[in-house]
Every structure is written in structure tokens, then in C-alpha cells.
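Only the coordinates and a few stated rules stand behind these numbers; no lab work does. What you are looking at is a predicted structure, and each value in this text was computed from that prediction instead of being measured. All Cβ positions, glycine included, derive from the backbone under ideal geometry; neighbour counts span all protein chains shown.
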Amino acid sequence: MEHIYDSMTLEDFDMLGKKLAALLDGGGFIAFFGDLGAGKTTLVKLIAKNLGITEIASPTFTVVREHETSDKKAFFHFDAYRLEDEDELSAIGFDDYIERAKDGIIVMEWSENVLGLLPDDRLDIAITGSGDMKRTVKLSAYGKHHESILRGLLA
Ligand SMILES: Nc1ncnc2c1ncn2[C@@H]1O[C@H](COP(=O)(O)OP(=O)(O)OP(=O)(O)O)[C@@H](O)[C@H]1O
Ligand SMILES: [Mg+2]
């Protein structure tokens with residue numbers, strides 16, 4: 001199941017982040033795709049803000065940052081930009097993070113770099129555009145849980 005939003009401004013991102021946060025009540029895995037400056041961290045921040053997390057940073061030198069939502073759910077923010085390969089993500093215990101975030105939330109920037117390790121059930125968010133351009137955002141949901149999140153977004 002998929003949906004494409006064209007011409008998204010920062011205000012549209014704001015609304016998207018708010019809606020997604022509300023729909024992530026039962027947890028979820030969001031895989032972000034898109035070039036440098038596409039707006040991945042921006043959207044992660046907006047989702048997180050609506051879950052009571054304000055200290056999201058661009059994790060340039062950190063592969064993962066752990067947060068907690070205001071209702072005590074795990075929120076793990078990964079950035080695979082600097083990973084050489086998937087083994088590096090496995091080596092820091094990616095499976096354990098998935099296990100620990102069972103009803104929590106994982107967001108992954110630069111999912112392109114670790115495609116083979118992404119869970120089958122997930123929501124892909126691919127952002128295109130940069131600079132002052134409006135963004136195209138393609139959402140693809142896999143598995144019942146994430147399909148229902150996407151359906152909720154479109155409702
Ligand atoms: N929808 C939008 N319209 C216009 N500008 C946007 C939009 N979304 C984000 N931006 C701007 O584009 C920049 C995106 O930076 P951001 O750090 O979010 O990108 P990123 O995809 O995480 O890049 P990186 O791969 O380097 O981590 C920010 O300056 C942000 O304000
Ligand atoms: Mg980023």
C-alpha cells in the first residue's frame with residue numbers, strides 16, 4: 001500500500017509529523033530514504049516532538065540515540081549514513097534494539113544503507129527534493145500494522 005504527497009512545505013511536514021506521531025501509539029518502524037538535506041531529520045524531529053521528545057539531534061557520529069516518549073515508550077533514532085555495511089549495524093545489536101522496541105518506535109535515516117536488515121513490517125518514507133524546494137514524500141506500508149498506520153494517515 002502506498003501514497004505520494006507532492007509539493008510538501010515545512011508546514012505540511014509539521015502536520016504530517018503530528019499525524020504520524022498520533023498513529024504510532026501502537027509502535028512502529030519507519031525507514032527513511034532520501035538524499036542529504038532531503039528533510040529526514042526534520043520529519044523525525046517533528047514526529048518526536050509530538051511524542052514529547054525534544055532532544056533529537058542529527059546523529060552524525062552516532063548510529064543510534066535512545067529516547068523515551070512521554071508515555072514511556074522506547075524511541076530509537078538510527079542514522080545509517082556512516083555505516084560501511086549491514087554487519088556494522090548487526091554488530092551494535094540491531095536485533096536487540098528491535099526486540100526492545102517491540103511496542104516502541106524505531107526510526108532509521110539512510111535506510112538505503114541497511115536495506116537487508118530492515119524488518120518486513122515497516123513504513124517506508126522516501127523524501128525527494130532539497131534546499132528551498134517543496135518535497136515529494138512517498139509512503140509505502142508493509143504488513144497489517146503499518147498499513148493501518150498509513151490508512152489512518154489518509155483517513
Ligand atoms: N518540506 C520542506 N520544505 C522546505 N524545506 C524543508 C522541508 N523539509 C525540510 N526542509 C529543510 O531542509 C533541510 C533538511 O535538513 P535535514 O537535516 O532534515 O535533512 P536530512 O534528510 O536529515 O539530511 P542528512 O542526510 O544530511 O541527515 C532543513 O534545513 C529543513 O529546514
Ligand atoms: Mg539527517
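Brief remarks follow.
- Rounded to the nearest 20 debye, the dipole magnitude of the chain is 660 debye, with +1 charges on Lys and Arg beta carbons, -1 on Asp and Glu beta carbons, and the Cα centre as origin.
- Cα gyration tensor shape for the chain, rounded if a/c is under 1.5, else prolate or oblate: rounded
- Extended-chain gain in nm, criterion 0.36 nm per residue less alpha-carbon gap, Ser7 and Leu154: 51.3 nm
- Part-to-part distance (alpha-carbon centres) for segment 13-54 and segment 79-93, which is given in Å: 21 Å
- The peptide list 89-95, 71-77, put in order of mean Cβ contacts within 10 Å with the highest first, becomes 71-77, 89-95.
- Among beta bridges that DSSP assigns inside segment 16-143, antiparallel share in %, nearest 5: 50 percent
- Karplus-based coupling profile of segment 7-24, in residue order and whole Hz: 6, 8, 8, 4, 5, 5, 4, 4, 5, 4, x, 5, 5, 4, 4, 5, 7, 8, with θ = phi - 60° in 6.51 cos²θ - 1.76 cosθ + 1.60 and x standing for Gly or Pro.
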